[in-house]
Amino acid sequence: MMSKEGMLQQKVEDAKGLFKDRKVTICTIGLGRIGLPTAAMFAAAGANVIGVDINPEVVVNVNEGKSRFVDEPGLDKVIEEPVRLGKLRATTDFSSAIPKADFIIICVPTPVDHTKTPNYSAVISACSTVGKLIKPGSVVIIESTVGPGTVENLILPILESESGLRAGSEFGLASCPERSDPGNIVMNMKTVPRVIGAINQHCLDIVADLYETLLNIKVYKVNDPKTANAVKLTENLFRDVNIALANEFALVFEKLGIDSLEVIKACATKYNFMPHYPGVGVGGPCLPSNSYYLISEGVKAGHIPSLVRMAREINDRMPEHVVSLTSEALNEVGKTIRGSKIAILGVAYKPEIKDVQLTPMEPVCNGLARLGAVLDIYDPMFPGENVFGYTTRRSVAQAVNGADCIVMGTAHKEFLQLDLKLLAQLTESPAAFVDARNIISPKDALASGFSFRAVGRPSTSGSAQA
Ligand code: SAJ
């Protein structure tokens, strides 16, 4: 068994021995889309894991050995056995978990508020509680996405003042930002290397060994927590900016009668081109918020990342572009948005995901409703559920029946093989079709009798397109 000293006082090789013998207790705080798989994967690897969440329903669900994330393949399986074997248990009681933990992994949400200011209240609250309850020698690992410097300048002082312990010598502190793709989290946690930065080398080596030994995952060590957080933000902001560039090109090419998808396919024949696609905008818990973590740190440090900020503005303007495309397509068949019945196919922020967090389809629906449209929503991930105040339909046919216009909002697999001729028969002919995710062939849409618009594709009024 571990000597009475804490994890941080162990020699690295002794700590590694404890991990190999699965003599380690881990507390994960936050049992959401990242925290739950994290807790389950460490427990499935043999660690004793106590998951803590403030939501009693979440705790009950985990202790039943179930995953509430229907869109995370394999997660149910990963959870079931450790719960049955008693290696994973969940609780709302921080005081029954943190004092026992060698490692405390923080996986709570870090949204931005309506002024686009990062809201770290969940992290602050979790770390305050951890500080009060942590045992000397334990190690705190921040997996939540925060701005570079937040761990060193906000979290560290909270942990020191609440615990009376000194960071680096009496407790450890590291950043290991989550890098998983919602909808593929279990797979990603087994394959995507983890980037870790810690308060000192000894802590870094111990935390790296924890992930390498238990999760059998590659670890990439960086200088400090702020560098690890900078890596995470660089990955996501690179993506957001490139999507914004694709959207910017799309807005120009539409007016020039050029098909952006054709351009991107041709560009992709060049070895160093990284395709990103135009669409209705950028949604989800990550990309729409992450930029503001960097912006807020940049403002404090005296440099405003204007390209990152402009990219957010471009992406956030795409929903209104889809509303104007809808108006154009309806006008082409002598109709207006006001009084039209519009079938919305897909509201999730990305395919095969049951999540509408910051989905760009919400402002599309709000915009169309504000202009007097009557909406019928169908999304295979939300059949017959309440979304944006609407009770959604249970099939494409139900939503499209009698519609004056169809708006394709999410590229779910179910929508990739639609029978457009059948849909046209269901609509209130003549009908319009607006493809906000570029999965419909303009040629097929026209041949089925729709007036057609799509983000980044030439207006097809009166002409057959490929
Ligand atoms: N999107 C576009 N055009 C594109 C790609 C995406 O409009 O070319 C839109 C999507 O429709 C969606 C939004 O952007 O609305 C975000 O898409 P995403 O594929 O980035 O999905 P997320 O938000 O789930 O991103 C997560 C991120 N992972 C983490 O933050 C740990 C991101 O870094 C990953 O690249 C992504 O998963 C992934 O695919 O792995």
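Across the range 232-309 the C-alpha pair distances fall into 10 Å bins from zero in the proportions 17, 41, 30, 11, 1 percent. Rounded to the nearest 20 debye, the dipole magnitude of the range 338-466 is 220 debye, with +1 charges on Lys and Arg beta carbons, -1 on Asp and Glu beta carbons, and the Cα centre as origin.
For the chain, the share of DSSP beta bridges that are antiparallel, to the nearest 5, is 10%.
Of the DSSP beta bridges with both residues in the range 7-223, give the percent that are antiparallel, rounding to the nearest 5. Percent antiparallel among DSSP bridges in the range 7-223 is about 10. Rounded is the label for the range 318-454, because a/c, from the alpha-carbon gyration tensor with a ≥ b ≥ c as root eigenvalues, stays below 1.5. Run the reach check for LYS350 against lysines, Cα to Cα strictly under 18 Å, same-chain hits fewer than 8 apart removed. What comes back? Within the straight-line limit of under 18 Å, LYS350 reaches these lysines: LYS413. Along the axis of the charge dipole computed for the chain (Cβ charges of +1 for Lys and Arg, -1 for Asp and Glu, origin at the Cα centre), the listed residues MET381, MET361, GLY17 are led at the positive end by GLY17.
Of the residues HIS202, PHE249, ALA228, the one whose Cα sits farthest toward the positive end of the charge dipole of the range 173-261, with +1 on the Cβ of Lys and Arg and -1 on the Cβ of Asp and Glu, is HIS202. At a temperature of 25 °C and a viscosity of 0.890 mPa s, determine how fast the range 50-95 diffuses translationally according to Stokes-Einstein, using the Kirkwood radius over alpha-carbon pairs as Rh; express D in µm²/s, rounded to the nearest whole number. For the chosen part, D equals 230 µm²/s. The stretch between SER128 and ILE304, if pulled fully straight at 0.36 nm per residue, gains 60.3 nm over its current Cα-Cα span. Sequence-distant or interchain residues sharing an amide H contact under 5 Å with ARG393, placed H: which? It is ILE377, TYR378, ASP379, GLY384, by chain and number. Here the dipole of the chain is about 340 debye; that uses its Cα centre as origin and unit charges on the Cβ of Lys and Arg (positive) and Asp and Glu (negative).
With Cα atoms as the point set, the radius of gyration and Dmax of the chain evaluate to 24.8, 80 Å.
Compute the Cα gyration tensor for the range 7-223, then decide on rounded, prolate or oblate, letting a ≥ b ≥ c be the square roots of its eigenvalues: rounded whenever a/c is under 1.5, prolate when a/b is larger than b/c in the other cases, and oblate in all that remain. The shape class here is rounded.
Express the relative contact order of the chain as a whole percentage, based on alpha carbon pairs under 8 Å and six or more residues apart in sequence. Relative contact order comes out at 12 percent. Put a plus charge on the Cβ of each Lys and Arg, a minus charge on the Cβ of each Asp and Glu, and nothing anywhere else: the dipole of the range 232-309 about its Cα centre is then about 180 debye.
Throughout, read-outs are computed from the coordinates displayed, never taken from laboratory work. Given the structure is predicted, the values throughout are model-derived calculations rather than measurements. Note that each Cβ is placed from the backbone with ideal geometry, even for glycine, and that neighbours are counted across all protein chains shown.
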